[in-house]
Amino acid sequence: MEAFGREDSNGNYRYHAKTTAPYYMPYMMGKVTLDPTSTAPEDQVIPQAIQNAVRPSDTFKGVNGAVVIGITETGKNAFSFEYEVSGTKYYVNYSWDENCNFTYVYNDEDGGTSNLPTNGSIDTGTGNVESFNNVNFCVDVSLGEGGSSSTNSDVDTVDSSDDSLIDTGDTGYSVVSENSEFTLSSIAIDSDGEILSDYQCEEKVNGSEKSIPISWSNVPEGTGSLAISIHAYTNSAVVETNSYLTLWDIDPSVTEIVYGGADDGDWYMGPNKDGVGISYTSPCNPNGNSSTYFMTIYALSETPSSLPSENSLPVDYDTLIEAIGTVTLIDSIEMEYVSSPSN
């Protein structure tokens, strides 16, 4: 594990990235066997690991003086890579869709898009945006036994001793960013990460359900706007995203949304799960199954210009994530919690 490697059930040894520094494998381990019949240099390892790159790599090179700060998951198939050069932070926000279309958006900490120290060729898009389509990359990537992206066999389970997860007892549940002291909390979720029954299956009043209480603290310096989302994934063969709460243009001075207050603040709101009304949708499990939800708060350099200055039915979770990719994501926190019928 010191090399960030592990064996799977078939005896294959594989390397993994980590969510903490140094993030990538520090060295490689294993027994080297050279092929005496090969015409390759005698010190070449045979066979070589092979993987299609997402984008052409022949014109890319390292950035002198760069220090990796971290990688943050910003949504489904969406991440933000943060690094620093000479005291200035830079971000590479990247994502991909089900058709293997990859998008890279480059920004500095102030949302600037020029004079970026990428030392790469940003020549396939407009300005600071690159776009690539690479079906081979999607086909070749294997995420574990069976090659299914739905398996979790390769994902490290969360250690309860991890400082990023805090048991707050009777006061709710909190998660702290891995990059700062930015903290997301809710008194509606217990210390085991389950939403309390009092906040499930909310009764609709004038077509709206009372929203979950949310609070946060230690908003990162430089934040110009906050956004919040709650989403979940369907259990169908084709994974789709359900939006339960979408909020944007929240002033950084705001520190909480009280119970039932999501539709009563100086910010803008998206649709409920059914997409027919501006409202929050509470967890409800009439079929007796448990469901997993993801609440995320985003600290942004500014409110994305593509988002309307009014409540909007079209602005669901996917639309919000796409808009966030156009500005600097300073930090974000994702809280995963469960709704159980027996809770």
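No value in this document is a laboratory result; all are computed from the given coordinates. From a predicted model like this one, the values you see are computed outputs, not experimental measurements. When we count neighbours, we look across all protein chains shown, and the Cβ atoms used for this are built from the backbone with ideal geometry, even at glycine.
Annotation: extensible slack from S253 through N218 equals 11.6 nm (criterion: 0.36 nm per residue apart, minus Cα-Cα distance). Here the calculated FRET efficiency for E336 and V63, from their Cβ-Cβ distance with R0 = 45 Å, stands at 0.85, rounded to the nearest 0.05.
Remark: H231, H16 ranked as H16, H231, counting other beta-carbon atoms within 10 Å and listing the fewest first. ³J(HN,Hα) across the stretch 272-283 via Karplus (A = 6.51, B = -1.76, C = 1.60, θ = phi - 60°), whole Hz, x for Gly/Pro? Here the 3J(HN,Hα) series is 6, 4, 7, x, 10, x, 7, 5, 8, 10, 7, x Hz. Computed extension gain for S290 through E7, at 0.36 nm per residue and net of the alpha carbon distance, reaches 98.8 nm.
Stretching the chain fully between N133 and D198 yields a gain of 18.8 nm (0.36 nm per residue, less the alpha carbon separation).
Between S305 and V276, the modelled labels are 3.7 nm apart [label points 7 Å from Cα along Cα→Cβ].
Rounded is the label for the stretch 156-339, because a/c, from the alpha-carbon gyration tensor with a ≥ b ≥ c as root eigenvalues, stays below 1.5.
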